[in-house]
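Below: the structure, in C-alpha cells.
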Amino acid sequence: MSLIDQTLNVKGLVRCAMFAALIAALGLLPPIPVPVIPVPITAQTLGVMLAGAVLGPKRGVLAVIIFLGVVLLGFPLLSGGRGGLGVFFGPSAGFLFGWIAGAYVIGLLGASSLPRLIIACGLGGIVAVYLVGVPWMAAVSDMSLSQALLTSMVFLPGDAVKAILAAITARAIQRGYPAIMT
Amino acid sequence: MSVGVYHPGQSPLHRLGPGTKLLMLAAFAVAVSLTDNIALLLAIGVSVLVAWNIAGLTWPQLRQNVQPLTWMLLALFGFQFVVAGFFSALDTLLSLATLVIAAALISHTTRTDDMLEALTIGLCPFTRFGLKAEDAAFALVFAVRLVPFVSAVGREAIEARLARGAGRNPLPALVPMVIRLMRETDTLSEALVARGFGRS
C-alpha cells in the first residue's frame, strides 16, 4: 500500500472519529427551546444528520457507530449527560439505533444541492430514524405501532426544523471546504 | 472531562470478566422481557437492588440513573393503566426499570478499559466486512480524546462571531467549526501516518 493510500485510509477513520466527537460535543449544548414546538430541541441529532450529509453513507454510519460505542463504554455523552449500557434499553433507545439507518440514508441520497439535501435529511433523519425508533418503542413499552407513532409525534416538529438546518449547514460546509467530498 | 461511569470496588461483580457480564446482561434482558409474572419481576427487581448494594454502589447513584427516565416511565405507566389495566402497566414499568438499573450496574462495575477490550473482541466477527478490531478500538479512544478539542474549536467559532458582532446563536458557527475540524483531521492523519499508524 502506498503512502498516499495509507494517508487516505487513516484520514477516513480520523474523520469518522472527529465527527463522532462532534456529535458528542453537540450533545453538551443545552437544549434550545423553540417557540410553538412542545419539546426543546437538542443539537445532537443535528450532528448525526451532518455526519451522513458531509461524510457520505459509509463513513457517516461509522461516525454514528463510533459515537454510540463511546456511549456504550460508559462516557456520559448522550444529550442530558447520559451514558452506559442502560441507555440502550429504554423505550426511546430505538431512536439511537435509528441514527445509524438515518446517517446511511442521508449519505446515500445526499447531493450537492440544497433542495436534495433537505429531502435527504428529511427521509434519513426523520423517516429512517422513526422506522427503527417507533417499532422499538412499541415493542419495549407494549404499545401498538400507531400509539407509539402518535407518542413520537411530539418530536416531529423539532426534527423537521433540524433536518432543514442540517441541510443548510451541510451545503455551506460543502461550499466552504470542497475537499470534503473526496 | 469526566471519565465514564466506572465506580471502583472489590465486589464479586467487579471481579467478573466483562464478556461474562455482558452475556449475563443479554440473557437477563431476554428473560425480563419474556416474563409477565409480576411476582417474578418483583423478585428480579429486588435481587438487582441487592446486587447494587453488594457492588458498593450508593442510592444517589441509583437515582441518577433512573431520574432521567422518571417522566417517561410514569407516562408509560399511566398510558398502559388506561389501555391494558394495572398489571400490564406494572409489568412494563418493572421490566423497564429493572433492565435500565441492571445495565447501569454492569457499567458501574466494569472498567472502561475492560469494556473497550470486550467490545474489541465482540467486533472481531465483523473483520470480514473490512473492519479491523484494533482500528475500531483506536477510533473509540480517539473520539473520546477529541471531544474537548471539538468543544474548544466550537467555543472559538462562537467567540469569533461575537467579535464580529454577529450574535450568540451557535448554529451559524457550526459551519466554520466543522470546516476547521476537517482541516485539523487532515493534519492529524498525516501526523499519524508519519508515526507508522495504518501500516499493514
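Any read-out appearing in this document is the output of simple, stated calculations on the displayed coordinates, not a laboratory observation. Please read all numbers here as calculations on a predicted model, not as lab measurements. Note: ideal-geometry Cβ built from the backbone for every residue, glycine included; neighbour counts use all protein chains shown.
Between helix B:170-194 and chain B there is an angle of about 80 degrees, using the helix long axis and the longest principal axis of the Cα atoms. Each other residue within a Cβ distance under 12 Å of B:Ala104 adds +1 if Lys or Arg and -1 if Asp or Glu, for a net charge of +2. Take the alpha carbon gyration tensor of region B:61-173, find the square roots of its eigenvalues, order them as a ≥ b ≥ c, and report rounded if a/c is under 1.5; if not, report prolate when a/b exceeds b/c, else oblate. Oblate, since a/c reaches 1.5 and b/c is not below a/b. In order along region A:143-151, the phi-based Karplus estimate (6.51 cos²θ - 1.76 cosθ + 1.60, θ = phi - 60°) of 3J(HN,Hα) comes to 9, 7, 4, 5, 5, 5, 4, 4, 4 Hz; Gly and Pro are listed as x. Evaluating kT/(6 pi eta Rh) at 25 °C and 0.890 mPa s, with the Kirkwood radius of chain B over Cα pairs in the Stokes-Einstein relation, gives 118 µm² s⁻¹. Here chain A is treated as a Stokes sphere of Kirkwood radius computed over C-alpha pairs; at 20 °C and 1.002 mPa s its diffusion coefficient rounds to 129 µm²/s.
Which residue fluctuates most in the GNM of chain B (Cα springs below 10 Å): B:Leu90, B:Leu25, B:Leu146? Per the Cα network of chain B with a 10 Å cutoff, B:Leu146 tops the list. Counted over the protein assembly as shown with a bin width of 10 Å, the fraction of Cα pairs per bin, in whole percents, is 5, 22, 31, 25, 13, 3, 0. Of all the options A:Val129, A:Val48, A:Val64, the one that moves most in a Gaussian network model of chain A with Cα springs shorter than 10 angstrom is A:Val129.
With axes computed from alpha carbons, what is the tilt in degrees of helix B:38-54 against the longest principal axis of chain B, rounded to the nearest 10 within 0 to 90? It is inclined by approximately 50 degrees. Between the listed residues A:Ile66, A:Gly110, A:Tyr177, the Cα displaced farthest toward the positive end of the dipole of chain A, a dipole computed from Cβ unit charges relative to the Cα centre, is found at A:Tyr177. Estimated at 0.36 nm per residue, the fully extended path between B:Ile38 and B:Arg145 surpasses their Cα-Cα distance by 34.1 nm.
Please compute the Kirkwood hydrodynamic radius of region B:12-124 from all pairs of different C-alpha atoms, in Å with one decimal.
On the way: mean 1/r = 0.0661 Å⁻¹.
So the Kirkwood estimate lands at 15.1 Å.
Go through region A:42-88 and name the trypsin sites (Lys or Arg not before Pro) that are in a DSSP coil and have 10 or fewer other Cβ atoms within 10 Å of their Cβ.
Numbers: sites: A:Lys58, A:Arg59, A:Arg82; in loops: none.
Sites meeting the loop and neighbour criteria: none at all.
Between the Cα long axis of helix B:70-84 and the first principal axis of chain B there is an angle of about 50°, rounded to the nearest 10.
May I ask you to list the lysines whose Cα is less than 19 Å away from that of A:Lys11, ignoring any residue fewer than eight positions away on the same chain? Output for A:Lys11: A:Lys58, B:Lys132. In order along region B:139-146, phi translates into HN-Hα couplings of 4, 4, 5, 5, 4, 4, 5, 7 Hz, rounded to whole numbers, per the Karplus curve 6.51 cos²θ - 1.76 cosθ + 1.60 with θ = phi - 60° and x for Gly and Pro.
Phi angles of region B:103-119 translate, via the Karplus equation with coefficients 6.51, -1.76, 1.60 and θ = phi - 60°, into HN-Hα couplings of 5, 5, 4, 5, 4, 5, 9, 10, 5, 4, 4, 5, 4, 4, 5, 4, 5 Hz per residue; Gly and Pro are given as x.
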